[in-house]
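These notes concern the structure reproduced below.
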Amino acid sequence: MPGDVELVPAPAALGMLLRRAAADRFGEADDHRERDESRDELVPVSDRCGDQDQQDRQCIDAPGDPGVRLLNHTSGLFDYDEDPAWVKARFSDPGREWSPKELVAISTSHPLLFAPGTGWSYSNTNYVLLGLVVEAATRKTLASELRTRLFGPLRLSSTSFPVGTAIPGRFAHGYFVSRRPLPFLPGTLIDVSTIVSPSAWGAGQIVSNADDVTRFFVALLRGRLLPAAQLASMKTEVAGRNYGLGLRITHTACGRAFGHDGDVPGYRNIVWATTDGRRVASVMVNIDATRVPWDKLESAVRTALCSA
C-alpha cells in the first residue's frame, strides 16, 4: 500500500549529508557559492586523473582523500557484511543491535583488500565510517542530522531512522526464507519485520516508502540539496565501475540514470532516476531473492523509468 514503509538503502542520502556537513564544518557558505575544490577532499576523481579513459590504477583515487575513498569504495576496507562469523552471529541473535564501532571493528579485523586508492570493492563498512564522520563533523547524532537536513526540509513524513527491531507507524511486513543456522525448517517463510535488527546504521537503516524515496532523488538530482559542483562530483564515475560518490550509475533505454539498490533481511529495493531528476522509478519488495530474483526487480524499475 502507498503509505506502507520499508527499509531502503542509505548511500545517496549519506553521501549528500556528508558533503553538506563537511561544507558547513569547513566553511562553505549556505548560499551555495562555489568554492575552489581543487584542494578539497570532495573533488571528483576525474579532475585529478585527467582523461576519463585513463585506466591506470593509480588514478582510481588521489592520495590523501579518505572521504572520497569511502564514498566511491576505493578505500580497500573489508565489508563487515562478508565476515562469516558476523553472519552466523547475526542469524543466531537476530534482534541484537550492532553498534557502528562494532561493525567497523569486524571490518578492521581483516586485512585491507588493496592499498587505498588502487582498486575498487563495494563495502558497507565505508558508509558506517561515513556516518561516524558526519557525527564527528557536526557533533550531533546521525539520526538527528538526517532528520534536520533531509527528512524535515523535504517533508519525508514516512521516513525515519529507527534503532532496534521496532519500526514506527504502519509498515509493510518483510519476509525471509529460512536457512541455516536459523532455528526453523529450511524453506520456511518467516515474518522478520520485528525480530531482525537491520544493524546497518549508515549503510542502510533508513525506513521509507516509494513516495519519499522518489521525492529525495528528485530533490538531489534537480540540484536542490547541493551546489552544482558537489552534485557533479557525486555523479562522476570511478573509471569503469559504474559508481560515483554514493550513487550507482547505469545506462538505460532512455539514457544515463543514477540511483542505488539495497537489501536487509525481508526487504529489497532499487531506484533509478534520470540525470535531471525529472523521472524517478522505485521498486520495493518485501521478500528475499529466493522468491523474486534481483534481475526481475532491475527489469521492472528500468521499464517503469523509461515508460513514463
For region 218-261: rounded, prolate or oblate by the Cα gyration tensor [a/c cutoff 1.5]: oblate
Estimated distance in nm for a label pair at Ser157 and Tyr122, the labels positioned 7 Å out from Cα along Cα-to-Cβ: 3.3
Mean-position separation - Cα centroids, region 193-209 and region 230-308, in angstrom: 19
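Which order do the peptides 264-274, 161-171 take when ranked by the mean count of other beta-carbon atoms within 10 Å per residue, highest first? Don't skip to the end; give the middle numbers.
On the way: 264-274: 23.9, 161-171: 14.5.
Highest mean packing first, the order is 264-274, 161-171.
FRET efficiency for Ala166 and Asp93, Cβ-Cβ distance as r, R0 = 25 Å, nearest 0.05?
Values: r = 17 Å, r/R0 = 0.66.
After rounding, the FRET efficiency stands at 0.90.
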Modelled FRET efficiency - R0 35 Å, Ala228 with Thr141, Cβ distances, 0.05 increments: 0.75
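For Cys306, what charge total do you get from the other residues with a beta carbon under 15 Å from its beta carbon, if Lys and Arg give +1 and Asp and Glu give -1?
Details: positive: Arg256, Arg278, Arg279, Arg302; negative: Asp276, Glu298.
Net charge in that neighbourhood comes out at +2.
Between Ala300 and Arg180, what is 0.36 nm times their sequence separation minus the Cα-Cα distance? Round to one decimal in nm.
Details: separation 120, 0.36 × 120 = 43.20 nm, distance 3.05 nm.
Gain in length upon complete extension: 40.1 nm.
First measure r as the distance between the Cβ atoms of Glu82 and Ser307, then evaluate 1/(1 + (r/R0)^6) with R0 = 41 Å and state the FRET efficiency to the nearest 0.05. Walk me through the intermediate numbers first.
Numbers: r = 36 Å, r/R0 = 0.88.
Efficiency for this residue pair is about 0.70.
Among rounded, prolate and oblate, which fits region 98-233 when a ≥ b ≥ c are the square roots of the eigenvalues of its C-alpha gyration tensor, a/c under 1.5 means rounded, and a/b larger than b/c means prolate?
On the way: a/c = 1.88, a/b = 1.18, b/c = 1.60.
Oblate, since a/c reaches 1.5 and b/c is not below a/b.
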Peptide ranges 226-233, 96-103 listed from the most packed, as the mean C-beta count within 10 angstrom indicates: 226-233, 96-103
Additional length obtainable on full extension of the chain from Thr108 to His251, 0.36 nm per residue less Cα span: 48.0 nm
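Throughout, read-outs are computed from the coordinates displayed, never taken from laboratory work. In this text, all values refer to a predicted model and were calculated from it rather than measured experimentally. Every residue, glycine as well, gets a Cβ built from its backbone with ideal geometry; the counts of neighbours run over all protein chains shown.
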